[in-house]
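Single-structure report; data block below.
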């Protein structure tokens, strides 16, 4: 025979949370004398300490109201904490409200009488005075019912339940209100916290006051609350109701409170973790006793309402206990398993008879039974894990989301925060966040580009080009990085603004960080974006020859994205490894618009030998170079200076490196001046150039005015500080120019529309080479896209092919001069380049120019301009004749005179 305790355990154990709760029977134990109650008590005894449980002996209470209060009142047995359950006990707000309202009947104001003829207490429910009295009493009861430790625990319980709902809701509000903007903003956080706090407080207060549950009184049949009836008036009706009505309402409210304690709420509730049903042991052997009346009332209200309480009742009843109106499943205790099975079969009919009657055995039950409660306890622990997840999880999740948003600079799709900089495509998702750029000038220019982008997207048909540069640099007018970045943004925005035909042009700004330190990662982000966006057809920019630019070009080469390089001039920029050790080849996706370092170094040295030191048998020179490790431009230019100077019989006495603008520059200039050179060849950056000149002006470098010949990067410093440079008396400055408005002033070629604006004074303080070459890059890109456009979106391969068609047979007129790319190495052939001189007034004038500004100009036959792009001779090979020997005409500032220049072709 199965142990009856095991059957009771199976009854009180709840099914898995995803399964519906099963109905529970009224287990009626019959027997002689006290055997029935002793059997019921022994059946329940092993479980008393593990679930909400109450035992009521016969004659213990006089009224059913007292019995219900002992079970579910403010200090009721079923509401006591259960040790080891890890859960708060069931709450009984409905029962306690009815008990309080009924108790007011017995607590009249001073001088009032109760239950006497012509009574004035309790007042008529329609009495306004009575309603006001009950309203005040209800307030006092609500304020005082949860005083002390018990009240604080109850309040904490309800606050915790509410928080597990509203903290996630507040988190969702923060996330949704943040959108794609930076969540560091105060508004989303403030609103999210407000939602969480206000929602928690409101739900907790409604729960503590009982208002959260009191709507049920309108839905039940016993003394139902009327629609829109205020709670004090309803309490007044309860106080005036008959005892029979109150008894049925109390028992039904007890069932509902238990149902709420075990219900499967959609919001987090302790019922999720309750693994054992409540239990009531009742001695109802005395006919007419309040316990018997409670049992019958419970059975009747359940049958009338269908509200099955999650309560296992073990009741001792006399043998004469009436069977009731419905059939009863009955048998011996030994047959209890079969009886339970039969009862459950009936229960599946949804209208089960509650009674399950068993006879008490002649021998007392053995109560040495240990229930198996691991599963219920694990369910409770699981509930608290869910609660912790709902309370802590959203905060952690929001923190992770915040970290991710911060890592992506406000949730931008193709941007990452590395250090203090946001690198990647900053405006791919829409207007770039303002806090990305430390410079107001750059911020304003990007905002204007974003405005143009919005118009392009609104037009529907558009293509995208990525402008790849360093835009998070600090604002410094003498820093070539900042001045160059501002100039290329200004040029690209100006061209983009003028595009009004289909397809429109969207410019995506890719920030590679200061000094292009994150060039590789930025290029990876650009490549990932390009893989998802077929409108992105190419990349332009790359203003400086630093290691990050080389890394970026190699990455974009792998992604097969066409690139137009503007002012990065290192000789082997654009070469990519071919897999063999130490071997590389020019990328077919890279097209360079500016002259190389070799071209400008060769022209500079020839100019020095030809014009500055024609009468000097063997001039001497010192190279002053920035030896920054990752700066390919300065080191490469210095090497080109040395090799070209030797070819032109200029003696390089020393190459002096520096690494900072302080003592490093002072020592470098001192070492250079110690040689008393005829020429200082400056291979450094614009940011250091003014300091370099000040030190040279202040040192003893010789009796005569010393000549300084600088690379193209210093055009940024000259543009801002030309007057200061012109005031120097011991220094005469010359510098190479990749592109300049000054080249067009002599009228040798008709300027483009963009150049006409520059000659008229527009962008007077901008760096000309960045400005002009960036304008050419975006113009060439868009025109090649138009050439590939056939009513549908062209591919990157189509654009690559169209760019490669710009060759000596199909040259393109740009604002920087004629552009035609070589067949293998995509460098501009015979590209215009000049040496400019800084005059005493601080203005720049052309000292010599090589290369064509327009296709209408005749070929330049001067020796100084011949073979500027030729590779250096192999060591030990016969020396080539110098440019001096090849020169047959006196030097001029431009090509030989020819036919009058005609108007520029359509490439302008």
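Between the beta carbons of residue 139 and residue 783, assuming R0 = 56 Å, the FRET efficiency works out to 0.10 to the nearest 0.05. Any idea what log10 I(q)/I(0) is at q = 0.08, 0.15, 0.20 Å⁻¹ for the stretch 407-590, Debye with uniform C-alpha scatterers and no solvent? Normalising to I(0) and taking log10 leaves -0.23, -0.82, -1.44. Per-residue extension of 0.36 nm, minus the Cα-Cα distance of residue 319 and residue 226, leaves a gain of 29.2 nm for this segment. Each 5 Å bin from zero holds the following percent of Cα-Cα pairs in the stretch 8-76: 3, 12, 18, 20, 22, 16, 6, 3, 0.
If a spin label sat at a point 7 angstrom from the Cα of residue 671 along the line to its beta carbon, the backbone N atoms of the stretch 613-649 nearer than 13 Å would be those of 622-628.
From least to most packed, judged by other beta carbons within 10 angstrom and beginning with the fewest, 670, 271, 844, 480 follow the order 670, 271, 844, 480.
Report relative contact order for the stretch 468-547 in percent, whole number only (criteria: Cα-Cα under 8 Å, sequence separation at least 6). Computed value for the stretch 468-547: 41 percent relative contact order. The residue 700 and residue 845 beta-carbon pair, evaluated with R₀ = 30 Å, returns a calculated FRET efficiency of approximately 0.55. Sorting 563, 378 by the number of Cβ atoms found within 10 Å of their own Cβ, with the fewest placed first, yields 378, 563.
Be a star and scan the stretch 417-449 for residues whose amide nitrogen sits under 14 Å from the point 7 Å along the Cα-to-Cβ vector of residue 532. Within reach of a label on residue 532, which here means backbone N under 14 Å from a point 7 Å along Cα→Cβ, the stretch 417-449 contributes 425-430.
Computed from label points 7 Å out along Cα-Cβ, the spacing between residue 729 and residue 400 is 7.2 nm. Compared with the alpha-carbon gap, the fully stretched path from residue 129 to residue 440 is longer by 104.9 nm at 0.36 nm per residue.
Between residue 413 and residue 334, the contour length at 0.36 nm per residue exceeds the Cα-Cα span by 21.3 nm. Remark: 121, 414 ranked as 121, 414, counting other beta-carbon atoms within 10 Å and listing the fewest first. Specify the inter-centroid distance of the stretch 464-483 and the stretch 668-687, based on alpha-carbon positions, in whole Å. First find each Cα centre; the distance between them is then 28 Å. Over all projection directions, the Cα-based convex hull of the stretch 771-846 averages an area of 6.4 nm².
Estimated translational diffusion coefficient (Stokes-Einstein, Kirkwood radius over Cα pairs, 20 °C, 1.002 mPa s) of the stretch 723-840: 132 µm² per second. When the alpha carbon coordinates of the stretch 41-94 are projected onto the principal axes, the ranges are 34, 30, 12 Å, largest first. Taking 7 Å steps out from each Cα toward its Cβ at residue 759 and residue 6 produces label points 10.6 nm apart. Approximating the spin labels as points 7 Å out from Cα along Cα→Cβ, the residue 870-to-residue 219 distance works out to 9.7 nm.
Where a number appears in this text, it was derived from the coordinates with a stated rule and is not lab data. Since the structure is predicted, the reported quantities are computational estimates derived from the model, not experimental observations. Cβ coordinates were reconstructed from backbone atoms using ideal geometry, including for glycine residues, and neighbour counts include every protein chain displayed.
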